[in-house]
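What follows is one structure encoded as structure tokens, with my remarks underneath.
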Amino acid sequence: MQSIDTLTDFLAVAGANHEAKTEYRIYDLSRIVKPFTAEEFNAIENGERPFPNPRQQHAWLGIVLRQKERAESEQIHDPYIWFVKLPLDERGLFQHAARQHFLSIIVEALGENPTAAPTAEQEKRQQQNPYIFTPDEPRRAAFHAQVSHDLQFPASVHYSGALAFLRGETATSTWQDLGVQGIHDVVVRNLQETSIQQHIHTQLLQWPKPLQQTLMEALEHAKLPATLAQNLIGTLRTVPREQQIMLLRCLADASRYSNLQNDVQQLLNACARDLNTTGGDTPEAAVVNDIQDLLLTIGARNWVALTANDNLEHYLGLLATINEHVFIQIFRDLVMLPELRGLMLQLFRKEQLSPALQRGIAALVAQTRSS
């Protein structure tokens, strides 16, 4: 094999000594599951741009590698998939030493043909790889739905039942027969259908909570059609906070819309009102927990909405008011996002900040210096 300096180097030459043609795809599993183009990932690996959506100071990747053999009839082999978690530096770039360590482990464990069926010894080495992770079930389902669609593979066996249900062709009482993977497949393959969009808009908040949860977990990784996004946004401020959290997750892709950014501003204002004490009373623990859950959802899925108005400063002030430890964790997480990094660093130079935010930043600085 030639010199291996990057992931794309490794993937480009994988299987090069064999007759089979090898091709690969790389997906971001950090916050929202979506594919990278080759140009995007090359630019990240070459240090030309930061990793776009890091989570917990890491890049979480799904790598798909497969052999395509051509004969009189074309045979497509099942892809080889592994999930890789790589640490990022303070600029949002791959830590060089960690990436090289990962590559050395992969080359040693899998040899020159990583698409070949691994031996028992290779499987054991892979399980001991510190950079390998197992996605949670919703993220894994979103990933497999996108991969099967992108590679033009058939959908899962649960697809037809989920498709009929989301088109409104079967009764709500049949929801327990639906498979999680089938719902993710429909969201990836059929969300542009008007009947499905209308059914989701009118029924989402009426369906049983487990079904709401599963559909939300699929929609948060989807590129929403504009009509569906606007219909869900129109519902956002008219429902209880628990349902607001669900809708915000569904609307992850719509965070760039100005009306959603304005709604986030109003939600933050409502949180501030609920946290204000009156008559010496303090908010109930349940209220504080609901507000914290809402704030964590916005940071995890709707961070682009924090770039508008004064949403970011207000958001961080609320976090600092509720829980200083959580504030520090979320600040360190969000400051890695390219859209927010400049805005967040400006806060260190701003003179007029709320007392809670001043205390939170002071605690962050003190903890950083002590570590």
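The values are calculated or read from the model by the stated rules, or taken from the named source; none is laboratory data. A quick note: this is a predicted structure, and the numbers were derived from the prediction, not measured. Backbone-built Cβ (ideal geometry, glycine too); neighbour counts: all protein chains shown. In case anyone asks, the SASA skips ligands and DNA or RNA and just uses the protein heavy atoms, side chains included. Shrake-Rupley method; radii C 1.70, N 1.55, O 1.52, S 1.80 Å.
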query: Of all residues in the range 54-66, how many are open to solvent by 10 Å² or more (accessible area, probe 1.4 Å), in contact (Cβ under 8 Å) with a residue 60 or more places away in the chain and within 23 Å of Pro130 (Cβ to Cβ)?
result: 4
message: Residues that are of a type in the set (A, V, I, L, M, F, W, C), more than 19 Å from His96 (Cα to Cα), at pLDDT below 90 and in contact with a helix residue (DSSP H, G or I) (Cβ under 9 Å, 6 or more places away or on another chain): does the range 23-34 have at least one?
response: no
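Within the range 268-302, how many residues are open to solvent by 10 Å² or more (accessible area, probe 1.4 Å) and in a helix (DSSP H, G or I)? Lay out the reasoning, then the answer.
Of the residues in the range 268-302, the ones open to solvent by 10 Å² or more (accessible area, probe 1.4 Å) are 269-270, 272-290, 292-293, 296-297, 300-301.
Filter once more, keeping what is in a helix (DSSP H, G or I): 269-270, 272-275, 285-290, 292-293, 296-297, 300-301.
Summing the residues that are open to solvent by 10 Å² or more (accessible area, probe 1.4 Å) and in a helix (DSSP H, G or I) in the range 268-302 gives 18.
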query: Within the range 63-80, which residues are at pLDDT below 90, closer than 25 Å to Asn46 by Cα and among the hydrophobic types (A, V, I, L, M, F, W, C)?
result: Leu65
query: Taking the range 205-244 only, how many residues are under 19 Å from the mean Cα position of the chain (by Cα) and hydroxyl-bearing (Ser, Thr, Tyr)?
result: 1
query: Just checking, how many residues over the range 335-347 are surrounded by 11 or more Cβ atoms within 10 Å (Cβ to Cβ) and free of Cβ contacts under 8 Å to residues at least 60 places away in the same chain?
result: 7
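Taking the range 303-334, which residues are more than 24 Å from Pro52 (Cα to Cα), in contact (Cβ under 8 Å) with a residue 24 or more places away in the chain and part of a helix (DSSP H, G or I)? Outline the logic, then answer.
The initial filter retains those residues of the range 303-334 that are more than 24 Å from Pro52 (Cα to Cα), namely 317-318, 320-325.
Now narrow it down to the ones that are in contact (Cβ under 8 Å) with a residue 24 or more places away in the chain: 317-318, 320-324.
Once the filter is applied, which keeps residues that are more than 24 Å from Pro52 (Cα to Cα), in contact (Cβ under 8 Å) with a residue 24 or more places away in the chain and part of a helix (DSSP H, G or I), the range 303-334 yields Gly317, Leu318, Ala320, Thr321, Ile322, Glu324.
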- prompt: Looking at the range 235-242, is at least one residue on the phi > 0 side of the Ramachandran plot and of a type outside the set (Phe, Trp, Tyr)?
  reply: no
- prompt: How many residues are more than 20 Å from Leu306 (Cα to Cα), part of a helix (DSSP H, G or I), open to solvent by less than 50 Å² (accessible area, probe 1.4 Å) and without any contact (Cβ under 8 Å) to a residue 60 or more places away in the chain when one looks only at the range 215-234?
  reply: 4
query: In the set Asn262, Asn309, which member is open to solvent by 50 Å² or more (accessible area, probe 1.4 Å) and at pLDDT below 95?
result: Asn309
query: Applying the selection to the range 335-371, what residues are hydrophobic (A, V, I, L, M, F, W, C) and within 19 Å of Pro50 (Cα to Cα)?
result: Val335, Met336, Leu337, Leu340, Leu343, Met344, Leu345
- prompt: Based on what the data block shows, is Ile322 under 28 Å from the mean Cα position of the chain (by Cα) and open to solvent by 20 Å² or more (accessible area, probe 1.4 Å)?
  reply: yes
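For the range 348-371, enumerate the residues that are assigned to a helix (DSSP H, G or I) and surrounded by 17 or more Cβ atoms within 10 Å (Cβ to Cβ). So that I can check it myself, show each step before the final result.
Within the range 348-371, the first condition is being assigned to a helix (DSSP H, G or I), and the residues that meet it are 348-349, 355-370.
Hits for the range 348-371 are Ala356, Leu357, Gly360, Ile361, Leu364.
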task: Kindly list the number of the only condition in (1) open to solvent by less than 70 Å² (accessible area, probe 1.4 Å); (2) within 17 Å of Val304 (Cα to Cα); (3) of a type outside the set (Gly, Ala, Ser) that fails for Arg256.
output: (1)
- prompt: Hey, does the range 141-153 have a residue that's among the β-branched types (Val, Ile, Thr) and either part of a loop (DSSP other than H, G, I, E, B) or without any contact (Cβ under 8 Å) to a residue 24 or more places away in the chain (or both)?
  reply: no
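Quick one: which of Gln192, Gln212 is open to solvent by less than 60 Å² (accessible area, probe 1.4 Å) and either within 21 Å of Ala145 (Cβ to Cβ) or free of Cβ contacts under 8 Å to residues at least 24 places away in the same chain (or both)?
On the way: Gln192 fails: open to solvent by less than 60 Å² (accessible area, probe 1.4 Å).
Checking each option against the conditions leaves just Gln212.
Report whether or not Glu242 is part of a helix (DSSP H, G or I) and either aromatic (Phe, Trp, Tyr) or touching a residue at least 60 places away in the same chain (Cβ under 8 Å) (or both). I'd like the intermediate steps shown before the answer.
Working: part of a helix (DSSP H, G or I): yes; either aromatic (Phe, Trp, Tyr) or touching a residue at least 60 places away in the same chain (Cβ under 8 Å) (or both): no.
So Glu242 fails the test.
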message: Within the range 94-131, take every residue that is open to solvent by less than 40 Å² (accessible area, probe 1.4 Å) and among the aliphatic types (A, V, I, L, M) and give me the one that is modelled with the highest pLDDT.
response: Ala98
